[in-house]
Amino acid sequence: MQRYSVFAVAREAMRQHTGWHRAWASRAPRKSYDVIIVGAGGHGLATAYYLGKNHGLTNVAVIEKGWLGGGNTGRNTTIIRSNYLQDPSAAIYEKARSLYETISQDLNYNVMFSPRGVMMLAQTEHEIRGYQRTAHANSLQGVQTEFISPQRVKELCPIIEIRGPRYPVLGALWQARGGTARHDAVAWGYARACSDMGMDIIQQCEVTGVRSENGQVTGVETTKGAIGCNKLGIVVAGHSGVLAEMAGFRLPIESVALQALVSEPIKPCMDVVVMANTVHGYMSQSDKGEMVIGGGADGYNNYTQRGSFLHIEETVRALVETFPIISRLKMLRQWGGIVDMTGDRSPIISPTPLGNCFINCGWGTGGFKAIPGSGWATAEMIARGTPGPLAAAFGLERFREGRFIDESVAAGVAH
Amino acid sequence: MLILHCPYCGVDADETELAPGGEAHLKRFGPGSSDAEFEAYLFQRENPKGVHFERWRHANGCGKWFHAARCTTTNEVFGTYSAQVTEPPRDIHDKITGKRPGWLSRWLS
Amino acid sequence: MSARLPKGGRFLNRSQPIEFSFNGKQLQGFEGDTLASALMANGQQLVGRSFKYHRPRGVVASGAEEPNALVNLGTGRRLEPNQRATTTELFEGLEATSQNHWPSLEFDVGAINARLSRFLPAGFYYKMFMWPRAFWKHVYEPFIRQSAGLGKAPNARDADTYEHFNITVDVLVIGGGIAGLEAARVAGSSGAQVLLIEQTAQWGGRANVDATLIDGADEEHWIEATVDALEDMDNVRLRTRVMGAGVYDHGYVLAYERLCDHDPQDGLPRHRLWKIRARQIVTATGAIERPLSFAGNDLPGVLLASAQRDYLINYGVSAGDRTVIVTNNDDAYRTALMLHNLGLEVKAVIDARAEANGPLPVAAREAGIRVETGKAIAKVKGVARVEGVAICAQVGEGAVLDEIACDVVAMSGGWSPVVHLWSHCGGKLVWDDAQAHFRPDPGKAPIGADGHAFVHTTGAASGLLKSDEILQNAHDAGADAAKAAGHKPKRGKAPTAASPDEAPIEPVWMMPQGAGHELRSKMWLDFQNDVKVSDVQLAAQEGFESVEHTKRYTTLGMATDQGKLSNINGLAILSKSLGADIPAVGTTTFRPPYTPISMGAIAGEARGKLFQPLRRTPMHDWHEANGAHWEPVGHWRRPYAFPRGSETVEQAVQREVKNTREAVGLLDASTLGKILVKGPDAGAFLDLLYTNMVSTLPLGRCRYGLMCSENGFLIDDGVIVRLSEDSWLCHTTTGGADRIHGHMEEWLQTEWWDMQVHTANLTEQYAQIAVVGPDARNVLEALGGDIDLDAETLPFMHWTEGRIGDFDARVFRISFSGELSYEVAVPASQGLAFWNALLKAGEVFGVMPYGTEALHIMRAEKGFIMIGDETDGTVIPQDLGLHWAISKKKADFLSKRAQERDHMTDPDRWQLVGLETVDGSVLPDGAYALAEGRNENGQRNTQGRVTSTYHSPTLGRGIAMGLVLHGPERMGEVLKFTNIGGAPIEARIVSPVFYDPEGKKQNV
């Protein structure tokens, strides 16, 4: 792999940047692979990367209908945190967060992970108790969080109005090592590393069918022809239902639009990420200066990547109340992504009724922050043929057994 | 921002008046059903890219539930109808097949 | 140097000078100026700095597409960053400062970045700043953030107000140029409700600038007559300063009105957000001229040829004294001719096409203007502003043939239709080879609820650039829209217009076509974000082949203009680099809003006290007046406690508990849900809804009931009252009232619709007051009335109705505190009077109101569960020892099947117990009980958790409830609980009923 460094940039500057290689190769599909991953978003690419890095499997293809990283990986609000309540969630999100700490060095690609701190505001007595409970749980899960006072909230984020007339800030759950990263770069960095390991990333290639014999997967049919495989990983977020149908099973998934928006860029005025669940809004400021704002999901099935304006309105209303100075900023752009919501709003990392076919989906509104951990756990499951400890609780069977992983209990419903 | 016609009060209701209620025509499985049936009833969903039969409530209006047939990729609405039926009525079927020749209904085979 | 001309300026009122300031400098403009035209009139060409390289920036456009001239407008509570000078109407006292520089606009240290630009190509930051690891957070990123953003962050609360406006129309026409006016006129003739909006303050669009004869007369006559005709139609509304911001599904359109940005004042809303429902939408949004890519095209003094005409005609402002025009089409010759006619010097027209023989070029030559065909600009000369151009052949690599001294370069790369609103809701585009632009594909329009197109475009927005075609098309578009909206338009003859023929444009994406890297790295595509031709080419070289990849890798089109000037040029460069056709590469997605709109406008009136509706009980004002410490519960506020004098809230709570247990307390329980369920099948229905048996409840009796979701989890609890043979009153939690009522209706309407049951949410119809404590009966009896309140006539868990004092009342003998307790419901209108009567009658007994915290403590002392504390959506009644409330007789009820699943019958589920700290202290809220070892993920194992914890004033020690593994079998065992920042706290497992376990006190 062509190493990236300040010296490489300086060297290339001297020759007009003519020496930069492609970040990832563009190849036609081969006849068959050990493993095919469908979906070249963050989760799919991370899965492929850890198949190679942790399990020595490099005869791998990642097939993508559109362009790599073109789905929710590039449409989220880039928040990274692991202050979850339930043990299985805390484990996989903290694994992801800790991998984010070193991912730029591991991939030799600067994804700009910025542990600027994430605070979740408590604005009711009920939320105080919920976040205190989370802080206790986190203290046993190896997740560094603390419950902080309104005064500390104000110190960390001076633009918050802590004495709002309706929902004064009563405290916050603070994760100092949470933060943000450059979302596109995560997909690009993994893609480059996968390509370097000899894996094929095949874009503009839509899967049209799943082949199987005797209950075992044997390959996929695509718009670029049939491709064989020993193992298949389906990692396609909002489109999981469609792929599952091809593979002959159904999922506890509904696809809905989740919306976000950014303001015009302004000089830095907010160093931390703030989430306010009572009023349904969260905000951070990007390295470009834009205020990045996320809100709630629509409640109806939708594949249009556009949502209903009323949710934007609700979110902005809440944030203008929480951060009065943004009233005179302007919304630059709003967009929607299609997220896959499961019955308990927690993800699925699971074998499927089809032999050697595995699925990773259902990240709902919280997928970006999980990418490295999700890829790690999914790769482990595919390589071993059975889920490891990180994935074990996220199996499909939990919906039958009633063994849900419900995070909404800690008042921390938003991601 | 959808508009759906409420078949009860006759209003073309703005989305701000409506509350979505997920897939329609689920068959309830109660005591005596198998684990698989119960799981499917509670969680497994069609989630189609295309025509979706779904429940809505005219929550900030007459308060009544009704059903809608809507395309999830274009938001085209083929019709709304009573919530007190176990499958889409014939005229809704006809409207859909009229506009989407080749569309397969899981109720008519 | 730019300057005001002695004459001209259609928009100006030269008799009305306006004082304003820029960077503290006092300047003068006229009424009718924009900030941009006024700055140019004052010779202020340098107006800002670019984002990445801090390059000097001047005005390049005249409208919404302007990427450069952004200012901090106003100060203090009226500071607005990134305000576009080209769309800011000048007003008296306007204060603007330029952005993104230090220490000053003229001398900016950040400009060093431009010198280093070769080290800072597209995506450089992905390749650097990785070592040492900690440096990203502490050194590199702070440095990068330092240079982030453009305008200043406001630091004060907004002084202005905003509002929303809802309207439904048949036909919405967006854009008030000749196309929009004609479309609206024809649509209006049908009697349809028509709304015509225009983002600027003037009607007529470009037609006024590019003089056109309409119906044989000056365009101004036609525009004026048409506006008059529209104003005369009762069914037509016209609004200027209203921009079409976004088009959403089913004909929903957002429009953004700037009411007093041009005249800031108190008392009027600053912006109004229009929420429009339109049956049909016609977008007549015009087109935007494209820049050309040549080296040095970003210097102040380089501007769009059409913008130069706008400044001349509309504002009487000349961009400079000596202009060189560079073009690939005939339209730019209009600028040459206009300058010439105004007596300004045109040094040359550099036309990249091999020949230029249309009527406009011919006229230019006849006027004596030097026209150079087949030529290109090799380079713009100058450091901070244009000083001249070097000319070369378009087909070569840039060998300089000639140099021309000038101070303005007016460029024209052809026109791109404004397709944003068409595209927001799914309208597709088609590449028009002849005109070298994307235009709407009428066959792939946005689809409405009925499956038919609901957005249409007309005029230049459709790719029509000749007035005659525009008017004919607009006429038809207006008629078609009215027809599609169900009206009969009067089709007449479209107005006719005379436009000169124009020779075809020749796409020129780079100038000269063989430019080497040196030149390409100085050709700007995105002026604000500093994206150059070489950056897009580098992205393609590195495999960023999708237009979305390139955008994200280079930041092309991500500036505040969202690529209005840069996208097509960038796309063309990318296509060429990939050897693909432009349509095959495609465009990025257009997203609302068209231009940025204020957050204040989106939030609207919902600020401060109007942020959300506040629900108030009849006694709310009394609580407020008597020092209630409030707690928000849903949209209600409930008194948490009523501190007196110098008391702390905590002291007040302890006093309230003590007083209630020892004397008598009053609780405003009006917020509790009260749902009437009535009908022949009401009993059977409630048996399905509650886990326990309801239908057998005798008349006159109350019963505690539990509700679970179909998925098995406990969702609400409350007391059920049998009112009559066929009616029940179901009490719910405060937060649950609306939700549970909805839940009931959902099952009634969508599953058990055969049942004859009616429900009504009566929560707000009654004021409900709990009179609690040993003296409760005495207080009520002191009021008199006709109800016998003694224990025999009205025993525990019974109810009755009649009169208490002068009040019609229902009295429920129920207790959530363990004390003798009557919950009395009176009509809401009588609530406050009854509350006051109780206070008066209770005075001799020492009555005091108490709040929610005292309520919580007393229920915890009794081991009563609280929805939301003991439950969290994952808890089933069996976890809480409530097996007695789950019927074994009923064949079916919601949750029965769910609770049979493996995990729900697991004996290892945590169970409710009481907890007492060994040292009497209060356990922390949310603490977990530690177990031995760690799980496979390295997390410490746990065996329980605290669900409620309080200091009990009654017992004088900490008490808690919690869920513990096999808890009820482990009475007396001591567990260790987490204590953040300290040693674990030991607590003993005890019965959850801490107070009066026999229930004697409530049953007297």
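Bear in mind these aren't lab numbers, they're just calculated from the coordinates by the rules spelled out. Just so it is clear, the model here is predicted, and its values are computed rather than measured. With ideal geometry, Cβ positions are generated from the backbone for all residues, glycine too; neighbour counts draw on all protein chains shown.
Working from the Cα coordinates of the range C:154-297, the gyration tensor eigenvalues give, after taking √(5λ), semi-axes of 26, 23, 16 Å in decreasing order. Relative to the longest principal axis of the Cα atoms of chain A, the long axis of helix A:87-107 lies at roughly 70 degrees.
Extents of the protein assembly as shown, largest first, come to 115, 74, 69 Å (Cα atoms, principal axes, whole angstrom). Restricting attention to chain C, close to 75% of DSSP beta bridges with both partner residues there are antiparallel. Computed log10 I(q)/I(0) for the range C:907-990 at 0.15, 0.18, 0.23 Å⁻¹: -0.49, -0.70, -1.08, from the Debye equation with unit scatterers placed on every C-alpha and solvent omitted. Per residue, the convex hull around the alpha carbon atoms of the range C:433-573 comes to 157 Å³.
Derived value for chain B: Kirkwood hydrodynamic radius 14.8 Å. Basis is the mean of 1/r over every pair of different alpha-carbon atoms. Along the axis of the charge dipole computed for the range C:879-1004 (Cβ charges of +1 for Lys and Arg, -1 for Asp and Glu, origin at the Cα centre), the listed residues C:GLY958, C:VAL922, C:TYR995 are led at the positive end by C:TYR995. Take the Cα of C:LYS490, step 7 Å toward its Cβ, do the same at C:ASP806, and the gap between the two points is 6.8 nm.
Taking other residues whose beta carbon is less than 12 angstrom from the beta carbon of C:ILE740, and scoring Lys, Arg as +1 and Asp, Glu as -1, yields -3. Model label sites at C:GLU986 and C:ILE144, defined 7 Å from Cα along the beta-carbon direction, differ in position by 5.3 nm. If I fit a long axis through the Cα atoms of helix C:649-662 and take the longest principal axis of the Cα atoms of chain C, what angle between them do I get, 0 to 90°, rounded to 10? That works out to roughly 30 degrees. Once you reduce the range C:655-722 and the range C:570-590 to the center of their Cα atoms, the two points are 66 Å from each other. Centre-to-centre, using Cα atoms only, the range C:141-171 and the range C:944-1004 are separated by 51 Å.
In this simple spin-label model, placing a label point 7 Å from the Cα along the Cα-to-Cβ direction at both C:ALA225 and B:THR86 gives a separation of 7.0 nm.
A Förster distance of 45 Å, applied to the separation of the beta-carbon atoms of C:GLU387 and A:ARG15, puts the FRET efficiency at 0.90. Taking a ≥ b ≥ c as the square roots of the Cα gyration tensor eigenvalues, with a/c under 1.5 meaning rounded and otherwise prolate when a/b beats b/c, else oblate, which class fits the range C:866-907? Taking the square roots of the gyration eigenvalues as a ≥ b ≥ c, the range C:866-907 is prolate.
Counting Lys and Arg as +1 and Asp and Glu as -1 over every other residue whose Cβ lies under 12 Å from the Cβ of C:ARG77, the net charge comes to 0. Helical content of chain C, expressed as a calculated mean residue ellipticity at 222 nm, amounts to -6000 deg cm²/dmol (DSSP H runs of 4 or more residues, -39,500 (n - 2.57) each, divided by residue number, nearest 500).
Inter-chain neighbour count for C:899-906: the average number of beta-carbon atoms from partner chains within 10 Å of each residue's beta-carbon is 4.
Per residue, the average separation of C-alpha pairs within less than 8 Å and at least 6 apart gives chain C a relative contact order of 9 percent. By the beta carbon rule, with partners counted only under 4.7 Å, chain B holds these lone Cys residues: B:CYS6, B:CYS71.
Springs join every pair of Cα atoms under 10 Å in this Gaussian network model of chain A, and among A:TRP174, A:TRP335, A:TRP376 the largest mean-square fluctuation is at A:TRP335. Within the listed set A:ALA137, A:ALA276, A:ALA191, the Gaussian network model of chain A (springs between alpha-carbon atoms below 10 Å) gives the highest mean-square fluctuation for A:ALA137.
Look at where the Cα atoms of the range C:68-133 and of the range A:316-383 average out, and the two centres are 34 Å apart. Measuring nothing but how far apart in sequence close Cα pairs (under 8 Å, 6+ apart) lie, relative to its length, the range C:499-549 scores a relative contact order of 20 percent.
Placing a label point 7 Å from the Cα of C:ARG133 along the Cα-to-Cβ line, the residues of the range A:365-389 whose backbone N sits under 16 Å from it are A:372-373.
Taken over the C-alpha atoms, the range C:296-446 has Rg and Dmax values of 17.0, 51 angstrom.
Out of all DSSP beta bridges with both ends in the range C:661-729, state the antiparallel percent to the nearest 5. Here the antiparallel bridges make up roughly 100 percent for the range C:661-729.
Expressed in Å, the radius of gyration and Dmax of the Cα atoms of the range C:309-358 are 11.1, 35.
For the pair C:ALA354 and C:ASN935, the difference between a 0.36 nm per residue extended length and the Cα-Cα distance amounts to 201.5 nm.
For peptide A:124-132, the mean count of partner chain Cβ atoms within 10 Å of a residue's Cβ comes to 5. Computed from the C-beta positions of C:ASP402 and C:ASP468, the FRET efficiency with R₀ = 51 Å rounds to 0.85. The rule of thumb for compact globular proteins, 2.2 N^0.38 Å, goes into the C-alpha radius of gyration of the range C:789-863 1.17 times.
Normalised by the number of residues in the range C:907-990, the average gap of Cα pairs under 8 Å and 6 or more apart makes the relative contact order 38 percent. The ranking of A:ASP298, C:ASP33 by Cβ neighbour count inside 10 Å, starting from the fewest, reads A:ASP298, C:ASP33.
Residues C:THR200, A:THR342, C:THR335, ranked from the fewest to the most other C-beta atoms within 10 Å, line up as C:THR200, A:THR342, C:THR335. In this structure, the pairs whose alpha-carbon distance is over 31 Å, taken from C:LYS7/C:LYS532; A:LYS53/C:LYS137; C:LYS658/C:LYS890; A:LYS53/C:LYS532; C:LYS483/C:LYS551; A:LYS267/C:LYS375, are C:LYS7/C:LYS532; C:LYS658/C:LYS890; A:LYS53/C:LYS532; C:LYS483/C:LYS551; A:LYS267/C:LYS375.
Note on the range A:170-226: Rg/Rh from C-alpha atoms, Kirkwood Rh, equals 1.27.
Taking a ≥ b ≥ c as the square roots of the Cα gyration tensor eigenvalues, chain C comes out prolate, since a/c reaches at least 1.5 and a/b is larger than b/c.
Taking each residue as 0.36 nm, the span from C:ARG957 to C:HIS903 lengthens on full extension beyond its C-alpha to C-alpha distance by 15.8 nm. Both radii come from the Cα set of the range C:673-764: Rg as radius of gyration, Rh as Kirkwood radius; their ratio Rg/Rh reads 0.92.
If you look at the Cα atoms of chain A, you get an Rg and a Dmax of 21.3, 65 Å. Its residue count N sets the reference 2.2 N^0.38 Å, and the alpha-carbon radius of gyration of the range C:768-807 equals 1.10 times that reference. Inter-chain Cβ neighbour count for C:126-138, averaged per residue, equals 6 (cutoff 10 Å, partner chain atoms only). With q set to 0.17 Å⁻¹, the log10 of I(q)/I(0) for the range C:523-585, from the Debye formula over equal scatterers at the Cα positions, is -0.44.
Placing R0 at 35 angstrom, the Cβ-Cβ distance between C:VAL430 and C:MET233 gives a FRET efficiency of 0.50 after rounding to 0.05.
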